[in-house]
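Engineer: So that we are looking at the same thing, I have put the structure below in structure tokens.
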2 protein chains.
Amino acid sequence: MNNALRELLAFQAKTWNLRGIASLLGWDSKTYMPPGGISARAQHASLMDGLVHERVTSDEYGRLLGSLIDLESGQVRDPSLNFQEQRLLTESVCDRKLAVALPNAFVQEFSEAGVQAERQWEIAREKDDYSLFAPHLERMIGLCKRKADYLALGTTPYDSLLYCYEPNATTVQLNHVFSDLRDETISLLSKLPERAQPRAAWLTADYDHAKQLELGRSLMKKMGANEQNIRLDLSTHPFCTTIHPSDIRITTRFGGLAEYIYTILHETGHALYEAGLPQEWYGSPLCEAISMGIHESQSRFWEVFIGKSRAFWETEFNLLKEAFPSQLSAVGFEEFYAASNPMGATLIRVGADELTYNLHIIIRFELEQQMINGTVNVSELPEMWNTKYRQYLGISPKSNREGILQDTHWSFGGIGYFPTYTLGNIYAAQWWKQIRKEMPDLDARIRAHDFVPILNWLKKKIHIVGRGQTSAELVRSITGGELSAWPLIDFLKERVQR
Amino acid sequence: MNNALRELLAFQAKTWNLRGIASLLGWDSKTYMPPGGISARAQHASLMDGLVHERVTSDEYGRLLGSLIDLESGQVRDPSLNFQEQRLLTESVCDRKLAVALPNAFVQEFSEAGVQAERQWEIAREKDDYSLFAPHLERMIGLCKRKADYLALGTTPYDSLLYCYEPNATTVQLNHVFSDLRDETISLLSKLPERAQPRAAWLTADYDHAKQLELGRSLMKKMGANEQNIRLDLSTHPFCTTIHPSDIRITTRFGGLAEYIYTILHETGHALYEAGLPQEWYGSPLCEAISMGIHESQSRFWEVFIGKSRAFWETEFNLLKEAFPSQLSAVGFEEFYAASNPMGATLIRVGADELTYNLHIIIRFELEQQMINGTVNVSELPEMWNTKYRQYLGISPKSNREGILQDTHWSFGGIGYFPTYTLGNIYAAQWWKQIRKEMPDLDARIRAHDFVPILNWLKKKIHIVGRGQTSAELVRSITGGELSAWPLIDFLKERVQR
């Protein structure tokens, strides 16, 4: 590696160190921070974010990067650099452009308005009163439009917002892929019986927390998570965060037993991706995830495609029975498996099954586009929400709390984020289709909880790539084809028939 | 407050925010960090330390401060500022002088040599081989001498080192005060029977951890610690750290039951001091502890003067019996109290009783002065150590691991730190003597675990002062007199006769 590149990498690593520290602040605030620390923590977090933004937009960084690549044209100055090195430079220029496109004052306004709106959203949801949130939502939509104008990426304003979470995806492409998925899902759903409310006591019992944590850690280990580098804690909402590739934290919570296991699979999937990124490029884009959608494909791969299989539960259920004999000894496998995998229309996204989940997302995605195109008035949104739920899911919320007020994303201006959830499912299904071809004994391995070969497949095909490929290139290199909802649709068809 | 002062305070608050973030990094590394994160954490910590040092020594800060006070003469420019504001400025100048006196390159050399020496000290202690540590100790002594030369505070080099931990204390004064204490302690010790090894099973049993934590948190609460702002976790070595005055963390560990309670009292004493500092001056020296010795006086006040009293244990023992009936029901109070308060010479400082603890410190203090005066060769230190232990404590270590290799402080260059431990005991005894005069029902309150009036006394007399007074001024304002070991000596005489 030449000296200028080495210097660039050192600069980027220091920036990433600041980001990692900011991540620790976030992790701590959701796990162990005493409640009274909250307002100081907001100051600490904004201080660190400011330091990161200062570095990324600094003249010093501009000079370092500019000596290796033309910041305007993206032309690498030294053509003898290898492919990865060139990639590092072009991706760094993309990130830098994104950072400098937004004026500091705007970034601050956006973030402060988001904090206010999120607080008002909480109150509005609590009181089930959309009118308290509407003016804040209107303001955030306005700010998102301005953000899109500053960025000016793609052909529509919504493309620019999408870019921040899923570079290389376009609104046109997603509308095309998602409409296949939507129509097929609605058709599958119409053939399902109504979702029954399972009422077995063992389903909602409070199982010993220490034993659940032990089960969770044991599963993480079998998935290939090194406990030297990845730890598990508790929080209200489960998440995964990276302090450094050598220090990754996931969290879970206690709800139903199956739900608990799905959360471990999901968050560990995220953590394994972070741990598998090429650490020799630490600090640079090469040691980062391709996109939110690809990240989600890793969590959903483990949660849905492995975790919802009979093969997985045939073994996991025995482990649960061993851990909780008094509560589970009378429960049969079929009863457990059915109750732990309910399917059917529900109102709340986070509790949705793998079939209907994407309808929740697609509704939000369709509404978001209308918000940004300005073809909708904020006051009409709840009715539009309810109508779409009736159309797609056949049910409609009785209150906005169970409807448009259920998610936090819009309050902090995260428009463009939702579609990456369904993209994650779509990618994961494409990986699933491929690994089934390449690993004929996949089911047997899952039944044996012999997960390391599966992790190694993901590592080799996806993790080690970092941002060395775009999401489209990755799909092509793994499947030989393009982004398509059909592997997911086929998977869902099988699931419905189970 | 005038605008320039407001601006200064905002600058200082931002610096303190960076310090608080660094504290969180330290807390996390000792509580929850996965072991693999250690080397990244060292980078994160040094990055934050660097940012703090940059700010404190920056031209911008120099200009801000210099517009309010002459940085050389310490003359406040606007005499109409009130007493606290003037104090803020003079103390800020002291801190700035200390920071700029040490060249960046030297600070880095010192810190890196300390990290190396600490690592070698661990190995040397493990292998009980002083020769592995000696060259590193020699290097650290040399660096401490250079540090003293850069600082050039007081009349001797050791004064300069002392200043970093205990401003306003001088070597001459401490030698005077400590020699009273040393001689009286040796005389008291000679009249004690040899320390018996208590062997009761209940003393070393492993009590339920969750219940111990509950007991600890309940005690913290009764001491006046607000759980919104002060939390308890576990670590190998107990400590207290401040992320922000609204977010303070203490840790403990499980050993003997009485030891566990003493640790809670000790660390909560530190935490209550931090929480009681005048937060309206956050960021400035006014919202900081006066010195390490004053800080230690708060922890030792609770641990030794309250915690070792019969009145305290008469109630606490009942709480322990309620929590652990099967292990403690057969134990009588006198048996418990005697076993939990053993007295007599031992070799290890951290396990020493309140009488002999100060002899451990005084030995180190005397040796440190010889190291810095250059009147001793590093190779002779173990023999000098052993001789002093024989002279003062009547026992002598058989190995350097139980002798000169037992403490980490010298390895990281913390020469000048040890005396603040005994200063803490001396100050605490002076507060104890005074509160007994002012609060006639003190014993009854302690017996009732009605600690809040005691905390309020400490708050009003000490915490709220911040660095608004020097330690000498504080002693004078509380006791009407000067620093003196006699209140401590009198207390120890009572303890020995108990």
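No value in this document is a laboratory result; all are computed from the given coordinates. Since this is a predicted model, take the numbers as computed values, not measurements. So basically every Cβ, Gly included, is an ideal-geometry build from the backbone, and we count neighbours across all protein chains shown.
Engineer: Which GluC sites (Glu not before Pro) in the range A:1-106 pass both tests, a DSSP loop state and at most 10 other beta-carbon atoms within 10 Å?
Structural biologist: Working: sites: A:E7, A:E54, A:E60, A:E72, A:E85, A:E91; in loops: A:E72.
In loop regions of the range A:1-106 (DSSP not H, G, I, E or B), the sparsely surrounded GluC sites (Glu not before Pro) are A:E72.
Engineer: Could you compute the net charge surrounding B:L277? Neighbours are other residues with a C-beta less than 15 Å from the C-beta of B:L277; K and R count +1, D and E count -1. Walk me through the intermediate numbers first.
Structural biologist: Values: positive: B:R19, B:R87, B:K459, B:K460, B:K461, B:R467; negative: B:E91, B:D247, B:E274, B:E280, B:E288.
So the surrounding residues net to +1.
Engineer: For a quick check: sort A:T236, B:T422 by the number of other beta carbons within 10 angstrom, fewest at the front. Working shown, then result.
Structural biologist: Values: A:T236 9, B:T422 27.
Least crowded to most crowded, the residues run A:T236, B:T422.
Engineer: Would you calculate the separation in nanometres between label points at A:R119 and B:S80, each defined as 7 Å from the Cα along the Cα-to-beta-carbon direction?
Structural biologist: In this crude label model, A:R119 to B:S80 measures out at 3.6 nm.
Engineer: Name the residue from B:A330, A:F324, B:T375 whose Cα lies farthest towards the positive end of the charge dipole of the protein assembly as shown, charges +1 on Cβ of Lys and Arg and -1 on Cβ of Asp and Glu.
Structural biologist: It is B:A330.
Engineer: For the pair A:E494 and B:A45, what calculated FRET efficiency results from E = 1/(1 + (r/R0)^6), where r is the Cβ-Cβ distance and R0 = 60 Å, to the nearest 0.05? Before the final figure, lay out the partial values.
Structural biologist: Working: r = 51 Å, r/R0 = 0.85.
For B:A45 and A:E494, the calculated efficiency is 0.70.
Engineer: In nm to one decimal, list the spacings between the B:N318 label point and its equivalents in the other copies, with label points set 7 Å along Cα to Cβ, shortest first.
Structural biologist: 5.5
Engineer: Using the crude model of +1 on Lys and Arg Cβ and -1 on Asp and Glu Cβ, and no other charge, please compute the dipole size for the protein assembly as shown relative to its Cα centre, in debye to 20.
Structural biologist: On the way: 104 positive and 122 negative charges, 173 e Å.
Using only the charged Cβ atoms, the result is roughly 840 debye.
Engineer: Counting DSSP beta bridges in the protein assembly as shown, what percent are antiparallel, to the nearest 5? Walk me through the numbers on the way to the answer.
Structural biologist: Values: 10 of 20 bridges.
Percent antiparallel among DSSP bridges in the protein assembly as shown is about 50.
Engineer: List the distances, in nm to one decimal, from the label point of B:N373 to the label points of the same position in every other copy, shortest first, placing each label point 7 Å from Cα along the Cα-to-Cβ direction.
Structural biologist: Values, ascending and in nm: 8.8.
Engineer: Going 7 Å from Cα along the Cα-Cβ axis for the label, what nanometre distances separate A:Q391 from the same residue across the other copies?
Structural biologist: Distances between equivalent label points, in nm: 9.3.
Engineer: I want the local charge near A:L18. Using Cβ-Cβ distances under 11 Å, sum +1 for each Lys or Arg and -1 for each Asp or Glu among the other residues.
Structural biologist: Details: positive: A:K14, A:R19, A:R55; negative: A:D49, A:E54.
Neighbourhood net charge equals +1.
Engineer: Oh, and also: Using a 10 Å cut-off around each Cβ, can you sort A:R87, B:R63 from fewest to most neighbouring Cβ atoms?
Structural biologist: Numbers: A:R87 21, B:R63 10.
Least to most surrounded, the residues fall as B:R63, A:R87.
Engineer: How much mean residue ellipticity at 222 nm does the protein assembly as shown get from its helices, if each DSSP H run of length 4 or more adds -39500 (n - 2.57) and you divide by all residues, to the nearest 500 deg cm²/dmol? Kindly include the intermediate steps, with their values, before the conclusion.
Structural biologist: Details: 44 runs with 619 residues, N = 996.
So the helix-based figure for the protein assembly as shown works out to -20000 deg cm²/dmol.
Engineer: Can you give the % of DSSP beta bridges in the range A:194-318 that are antiparallel, to the nearest 5? Mind showing how you got there, number by number?
Structural biologist: On the way: 4 of 9 bridges.
Here the share of antiparallel DSSP bridges comes out near 45 percent.
Engineer: Something else now. Please arrange B:R498, A:R199, B:R300 by counting, for each residue, the other beta carbons lying within 10 Å of its beta carbon, fewest first.
Structural biologist: Values: B:R498 11, A:R199 8, B:R300 30.
Listed from fewest to most nearby Cβ atoms, that is A:R199, B:R498, B:R300.
Engineer: Using all alpha carbons of chain B, what is the percent of pairwise distances in each 20 Å bin, ordered from the shortest bin to the longest?
Structural biologist: 21, 58, 20, 1
Engineer: Under a point-charge model restricted to the Cβ atoms of Lys and Arg (+1) and Asp and Glu (-1), what is the dipole moment magnitude of chain A relative to its Cα centre, in debye to the nearest 20? Don't skip to the end; give the middle numbers.
Structural biologist: On the way: 52 positive and 61 negative charges, 107 e Å.
So the dipole magnitude of chain A works out to roughly 520 debye.
Engineer: Work out which helices of chain A, taken as complete DSSP H runs, extend at least 24 Å along their axis over the Cα atoms and score a mean Kyte-Doolittle of -1.0 or more, then list them.
Structural biologist: Numbers: long enough: A:3-31 (41 Å, -0.09); A:38-56 (27 Å, -0.01); A:83-101 (27 Å, -0.17); A:104-127 (35 Å, -0.87); A:130-151 (30 Å, -0.09); A:171-191 (30 Å, -0.10); A:257-276 (28 Å, 0.14); A:357-373 (25 Å, 0.02); A:419-438 (29 Å, -0.89).
Length and hydropathy pass: A:3-31, A:38-56, A:83-101, A:104-127, A:130-151, A:171-191, A:257-276, A:357-373, A:419-438.
Engineer: Going down the list B:K211/B:K321; B:K461/B:K493; A:K127/A:K398; A:K14/A:K147, which pairs span over 18 Å between their C-alpha atoms?
Structural biologist: As for pairs spanning more than 18 Å Cα to Cα, those are B:K461/B:K493; A:K14/A:K147.
Engineer: Suppose R0 equals 60 Å; then what is the FRET efficiency for B:R436 and A:N104 from their Cβ-Cβ distance, rounded to the nearest 0.05?
Structural biologist: Values: r = 59 Å, r/R0 = 0.98.
After rounding to 0.05, the efficiency reads 0.55.
Engineer: A:N226 versus A:A4, label points 7 Å from Cα toward the beta carbon: distance in nm?
Structural biologist: It works out to 3.5 nm between the two label points.
Engineer: Also: What number comes out for the charge environment of B:F254, summing +1 per Lys or Arg and -1 per Asp or Glu over other residues with Cβ under 15 Å away? Intermediate results must be reported in sequence, preceding the final value.
Structural biologist: Numbers: positive: B:K211, B:R217, B:R253; negative: B:D206, B:D208, B:E214, B:D233, B:E259, B:E267.
Once all neighbours under 15 Å are counted, the net charge is -3.
Engineer: Using only Cα atoms, what Kirkwood radius does the range A:1-101 have, in angstroms? Don't skip to the end; give the middle numbers.
Structural biologist: Numbers: mean 1/r = 0.0662 Å⁻¹.
The Cα-based Kirkwood calculation yields 15.1 Å.
Engineer: Now for a separate question. Positive end of the charge dipole of the protein assembly as shown (Lys, Arg +1 and Asp, Glu -1 on Cβ, about the Cα centre): tell me which of A:W281, A:S218, A:F365 has its Cα farthest that way.
Structural biologist: Looking along the dipole axis, the top candidate is A:S218.
Engineer: Taking the Cα-to-Cβ direction at B:V350 and at B:H209 and moving 7 Å from each Cα, how far apart do the two end points lie in nm?
Structural biologist: 1.8
Engineer: Please compute, for peptide A:39-45, the average count of beta-carbon atoms on other protein chains lying within 10 Å of each residue's beta-carbon.
Structural biologist: Values: counts 3, 10, 7, 0, 5, 8, 1.
What the average comes to for A:39-45 is 5.
Engineer: Would you please give the FRET efficiency between B:E473 and A:I464, computed as 1/(1 + (r/R0)^6) with r the Cβ-Cβ distance and R0 = 60 Å, to the nearest 0.05? If you can, show how the numbers build up before the last one.
Structural biologist: On the way: r = 63 Å, r/R0 = 1.06.
Given R0 = 60 Å and the Cβ-Cβ separation, E is 0.40.
Engineer: With charges set only on the Cβ (+1 for Lys and Arg, -1 for Asp and Glu), what does the dipole of the range A:25-83 come to about its Cα centre, in debye to the nearest 20?
Structural biologist: Values: 5 positive and 8 negative charges, 59 e Å.
It comes to approximately 280 debye.
Engineer: Take the cross-link list B:K221/B:K433; B:K437/B:K459; A:K30/A:K308 and give me the ones stretching past 22 Å between alpha-carbons. Walk me through the numbers before you get to the answer.
Structural biologist: Values: B:K221/B:K433 25 Å; B:K437/B:K459 17 Å; A:K30/A:K308 28 Å.
B:K221/B:K433; A:K30/A:K308, as the Cα separations exceed 22 Å there.
Engineer: Could you work out the percent of alpha carbon pairs in the protein assembly as shown separated by over 58 Å, rounded to a whole number?
Structural biologist: Numbers: 103723 of 495510 pairs.
That tail contains 21 percent of the Cα-Cα pairs.
Engineer: Looking at chain A only, what percent of DSSP beta bridges run antiparallel? Nearest 5 please. Before the final figure, lay out the partial values.
Structural biologist: On the way: 5 of 10 bridges.
Antiparallel: roughly 50 percent of the beta bridges in chain A.
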